[in-house]
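Chemist: The structure that follows is given in the form of structure tokens.
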Amino acid sequence: MYAYGPVPSRRFGRSVGVSPIPDKTCSYSCVYCQLGRTRHLTVRRQSFFKREEILRDIEKVVHANEGKIDFITFVGDGEPTLSLDLGFLIRTCKEKFPYRTAVITNGSLFWQEDVRNDLLEADVVNVTMAVSNEQAFHRMHRPHPGIHFKQVQQGILDFASVYKGEIWVEIMLVDTVNTDTESMQALETQIDAIHPARTFVMVPTRPPAEPWVHIPPPEIVMNALSIFGGKNITQPEKGAFGLDEFSSASEAIIETSRRHPLRLSQARTIEAYFADRTLDHLLSAGKLKVVDYQGHKYVLPSEFVFGK
Ligand code: SF4
């Protein structure tokens, strides 16, 4: 299943997610990643799947949810610009559907001209800019050895200089990694240079890849908001998940938890929707685990949970 949702998104409203890449395939292995550690660390762009099949999946989800969609969002279970089909998929969605398109990307491959060209027709490109120096870059993102901080910065600048859509910048704050005032001020200067339409200050509200990752204390978040301005999306999203395309509670819970943080209470709501008490079985079979994070219980695929 390449397309799913709509899921409630803090930035994109009711968002049909599209993943054109295999599970956890990424150029980074961020310490805060909600998908766990990267299993396939790569910078090589590929056509991972048949593009027509991805498109068919998008059509199915869009047609089942006409009028209930704000964005078609290319997000991937990793880094979507690794897909060589991304440009084709964005262009075709723009031709076929009346909905805005967005790409959520870490920006690490923007130094490649073909990546920049693939994104030009998207309405919104939401790019990560979380660190202002090489040391924090490695600590935070643990990039593929072929990726260099200066190169990433320049690639984002080059893209911003030609892109006609909206650039949104996502700043993820991880306590003690990128939260000192001097680093945040330096980052703000770098963000200013690309003139983003929106800036989002985020914290790891969802269970992260590494157990040592923590949300900064409120005074640090306030300091960040005063430096970066922008919208504070440090609270978890609320809203209903699109369940129409699933045929059973177990399919809905597994697929949703792979792509979206799912609280235990939300998983119980999905069970009730299908009138199918399957969650306890999935937990006892070891397919899912319950993880305590920030005072809430989340249901995660077992392979997402490391070292806890
Ligand atoms: S947070 Fe995004 S960029 Fe970082 S490892 Fe996860 S999928 Fe990749």
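The values are calculated or read from the model by the stated rules, or taken from the named source; none is laboratory data. On a predicted model such as this, the values are computed, not experimentally measured, just so you know. A quick note on method: Cβ atoms are made from the backbone with ideal geometry, for glycine too, and the neighbour counts reach across all protein chains shown.
Chemist: Give all pairs with beta carbons closer than 6 Å in which a residue from the stretch 142-161 that is over 25 Å from ARG37 (Cβ atoms) meets a residue that is basic (Lys, Arg); count only pairs at least 6 apart in sequence or on separate chains.
Modeler: Close Cβ pairs (under 6 Å, with a partner that is basic (Lys, Arg)) amount to PHE159/ARG116.
Chemist: Grab the strands (runs of 3 or more DSSP E) fully contained in the stretch 1-87, keeping just those with 3 or more residues being away from the ligand (no atom under 16 Å from the Cβ). Break it down into steps so the answer makes sense when it comes.
Modeler: On the way: elements: 3-9, 13-18, 71-74.
Output list reads 3-9, 13-18.
Chemist: Considering only the stretch 18-58, state which residues are in contact (Cβ under 8 Å) with a residue 60 or more places away in the chain and either more than 24 Å from VAL174 (Cβ to Cβ) or among the aliphatic types (A, V, I, L, M) (or both).
Modeler: Passing the criteria: VAL18, SER19, PRO20, ILE21, VAL31, LEU35, LEU41, VAL43, ARG45.
Chemist: Among the listed residues PRO211, PRO261, PRO207, identify the single one that is surrounded by 20 or more Cβ atoms within 10 Å (Cβ to Cβ) and either farther than 19 Å from VAL75 by Cα or modelled with pLDDT under 80 (or both). Working first, answer last.
Modeler: On the way: PRO211 fails: surrounded by 20 or more Cβ atoms within 10 Å (Cβ to Cβ); PRO207 fails: either farther than 19 Å from VAL75 by Cα or modelled with pLDDT under 80 (or both).
Matching residue, one of PRO211, PRO261, PRO207: PRO261.
Chemist: With respect to GLU121, determine if the residue is away from the ligand (no atom under 15 Å from the Cβ), touching a Lys or Arg at 6+ places or on another chain (Cβ under 6 Å) and either assigned to a loop (DSSP other than H, G, I, E, B) or modelled with pLDDT of 95 or more (or both).
Modeler: Details: away from the ligand (no atom under 15 Å from the Cβ): yes; touching a Lys or Arg at 6+ places or on another chain (Cβ under 6 Å): yes; either assigned to a loop (DSSP other than H, G, I, E, B) or modelled with pLDDT of 95 or more (or both): yes.
Taking the combined requirement at face value, the residue satisfies it.
Chemist: What pairs can you find where one residue is in the stretch 87-111 and under 29 Å from HIS141 (Cα atoms), the other is surrounded by 18 or more Cβ atoms within 10 Å (Cβ to Cβ) and among the hydroxyl-bearing types (Ser, Thr, Tyr), and their Cβ atoms are less than 6 Å apart, with a gap of 6+ or different chains?
Modeler: Cβ pairs passing all conditions: ILE90/THR101; ALA102/THR73; THR105/THR81; ASN106/TYR28; ASN106/THR128; GLY107/THR128; SER108/SER27; LEU109/THR81.
One line per residue, one yes/no per condition, for (1) part of a loop (DSSP other than H, G, I, E, B); (2) away from the ligand (no atom under 16 Å from the Cβ); (3) farther than 23 Å from HIS260 by Cα; (4) in contact (Cβ under 8 Å) with a residue 60 or more places away in the chain:
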{"site": "PHE137", "(1), (2), (3), (4)": "no, no, yes, no"}
{"site": "ILE171", "(1), (2), (3), (4)": "no, no, no, no"}
{"site": "VAL177", "(1), (2), (3), (4)": "yes, no, yes, yes"}
{"site": "GLU182", "(1), (2), (3), (4)": "no, yes, yes, no"}
{"site": "PHE200", "(1), (2), (3), (4)": "no, no, no, yes"}
{"site": "PRO207", "(1), (2), (3), (4)": "yes, no, no, yes"}
{"site": "SER226", "(1), (2), (3), (4)": "no, yes, yes, no"}
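Chemist: Do we find a residue being within 20 Å of the chain's Cα centre (by Cα) and among the small types (Gly, Ala, Ser) anywhere in the stretch 200-210? First the steps, then the outcome.
Modeler: Initial filter on the stretch 200-210 (within 20 Å of the chain's Cα centre (by Cα)): 200-210.
Keeping just the survivors that are among the small types (Gly, Ala, Ser) gives 209.
Checked against the condition, which is being within 20 Å of the chain's Cα centre (by Cα) and among the small types (Gly, Ala, Ser), the stretch 200-210 yields at least one hit.
Chemist: Any residue at all in the stretch 181-189 that is under 16 Å from the mean Cα position of the chain (by Cα) and β-branched (Val, Ile, Thr)?
Modeler: Initial filter on the stretch 181-189 (under 16 Å from the mean Cα position of the chain (by Cα)): none.
Scanning the stretch 181-189, I find no residue that is under 16 Å from the mean Cα position of the chain (by Cα) and β-branched (Val, Ile, Thr), so the answer is no.
Chemist: On the basis of being assigned to a strand (DSSP E or B) and modelled with pLDDT of 90 or more, does THR189 make the cut? Lay out the reasoning, then the answer.
Modeler: Numbers: assigned to a strand (DSSP E or B): no; modelled with pLDDT of 90 or more: yes.
No, not satisfied.
Chemist: Take the residues of the stretch 270-299 that are of a type in the set (Phe, Trp, Tyr) and outside any strand (DSSP E or B): which is farthest from PRO204 (Cα to Cα)? Talk me through it step by step, then tell me what you get.
Modeler: First, the residues of the stretch 270-299 that are of a type in the set (Phe, Trp, Tyr): 273-274, 293, 298.
Checking which are outside any strand (DSSP E or B) leaves us with 273-274.
Numbers: TYR273: 29, PHE274: 30 Å.
This residue is PHE274.
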